[in-house]
1. Taking a ≥ b ≥ c as the square roots of the Cα gyration tensor eigenvalues, with a/c under 1.5 meaning rounded and otherwise prolate when a/b beats b/c, else oblate, which class fits the range 240-383?
2. Would you kindly derive the ³J(HN,Hα) couplings of the range 298-308 from the backbone phi angles with the Karplus curve 6.51 cos²θ - 1.76 cosθ + 1.60 (θ = phi - 60°), listing them in order in whole Hz, with x for Gly and Pro?
3. Need the full-extension length gain, residue 246 to residue 376, defined as separation in residues times 0.36 nm minus the C-alpha distance. One decimal, nm.
4. So what J values fall out for the range 332-341 if you push phi through Karplus, 6.51 cos²θ - 1.76 cosθ + 1.60 with θ = phi - 60°, rounded to Hz, Gly and Pro as x?
5. Simple spin-label model, 7 Å along Cα-to-Cβ: residue 139 to residue 355 in nm?
6. Report the label-to-label distance for residue 314 and residue 366 in nanometres (one decimal), using points 7 Å from each Cα along the Cα→Cβ vector.
7. Please list 41-53, 198-210 highest first by mean number of surrounding beta-carbon atoms within 10 Å per residue.
8. Which value in nm describes the separation of the simple spin-label points at residue 220 and residue 5, placed 7 Å from the Cα toward the beta carbon?
Amino acid sequence: MKEHQPSYIELFRAFFWLGLTAFGGVAMSAHVRKHIVEKKQWLDANTFDSGLALCQVIPGAIIMQLVAYIGLKLKGSRGAIVSFIGFGLPAFLIMFILSVIYKHSKHLSNVELVLNGLRVIIVAIVANAAYMFGSKNFENYNDWIIASIAAGLFLTKLHPALVLLIAALLGIVFTKKDFGESKKRVKSKSFKLFIWTLAVVAVATGIIFLVNRDYFTLATIMLRIDLFSFGGGLASMPIMYHEMVDLYGWFDQKTFMDGVILGQVTPGSIIIAATFFGYMHFGILGSILATVCVFIPSFLILMGLIPFFDKLKAYPQFNKVINGVLCSFVGLLVVVTYRFTIGVQWNIFNIVIVLVAFVLLLRKVDVIWIVIGGMVLSFLVMY
């Protein structure tokens, strides 16, 4: 495959557009793959899939880490930052606007009319992502067996880190692919970015502690949430609930659930609900602080691990581990599809919409037109 090195402007523009249409959270990784690997041909498929496996085993929003990984591979440390900001900015802006509307209207009915159909579209997007990754990456029945076992374990609510560990072990045992052994030496400057970012975060946290203790509490809560959210953005919701409803009492259960709903229908990871919670309790500065802090730890971990990860990829056994983790990712998508499906109030109209959306995605219609069409149709029917 002929790879093209984009400029920083091209990189930002591409990921801003992808971020604007990133409905379905982790499922958007399939569309990122199609855009970056197949359409733009900026990255080869093996590098992309390896990055996806790495992003799945560390805490935080998988899709946000993935775009940072891609940016790093394409343009180094600056590319990682440009991609990360470009992809996350649309979700922040949309969530901020929705938060302002919510706070002043005190309920979701004005927003719900427009976004109701989006929940149905998201089911189709996630289901399509599971199908795309399975069809492109699975080479034999053993891969499907690993994915099925992982899906079953995710449904039992076993800690995601343990599910990934089991999937990695199954990958070693059942993977039949011959990866060979590579002696290619890989250089990466991401560890320097890790050190500098860690220093900036430490200093900034200290300053916030001295200036405003309430902001310091918000910042440390969000940092903890991201640090322990194994399994993607959905895994952060129980932790958020415990911290902000049970422990600090900042919100009642209804307000928290409304924030989660907005997080589901906003592009990007559901963890962007942090913007809503920051704004509702602390205003504009709180929304910015919460958003930055809820993404920083996983970004740091990713930058710190990439140099070691790239060296380990030279060994066949490690690539079998990666294959097991990628198989579990398909299982995770299946489980997320199921959870989103039971959250929808199904009727004939919604069934038709989800089936049509799924077929259009299979025919490679751009996801933005499917999203807009679903929202417009839902509005017309409800109106």
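1. It comes out oblate by the Cα gyration axes.
2. 5, 4, 4, 4, 4, 5, x, 8, 3, x, 6
3. Gain in length upon complete extension: 43.0 nm.
4. Values per residue, Gly and Pro as x: 4, 4, 4, 5, 4, 4, 4, 5, 5, 5 Hz.
5. 3.7
6. Roughly 4.3 nm, to one decimal.
7. Order by mean packing, descending: 41-53, 198-210.
8. Label at residue 220, label at residue 5, 4.4 nm between them.
Bear in mind these aren't lab numbers, they're just calculated from the coordinates by the rules spelled out. Predicted model only: the values in this text are computed from it and were never measured. Every residue, glycine among them, receives a Cβ derived from its backbone with ideal geometry; neighbour counts consider all protein chains shown.
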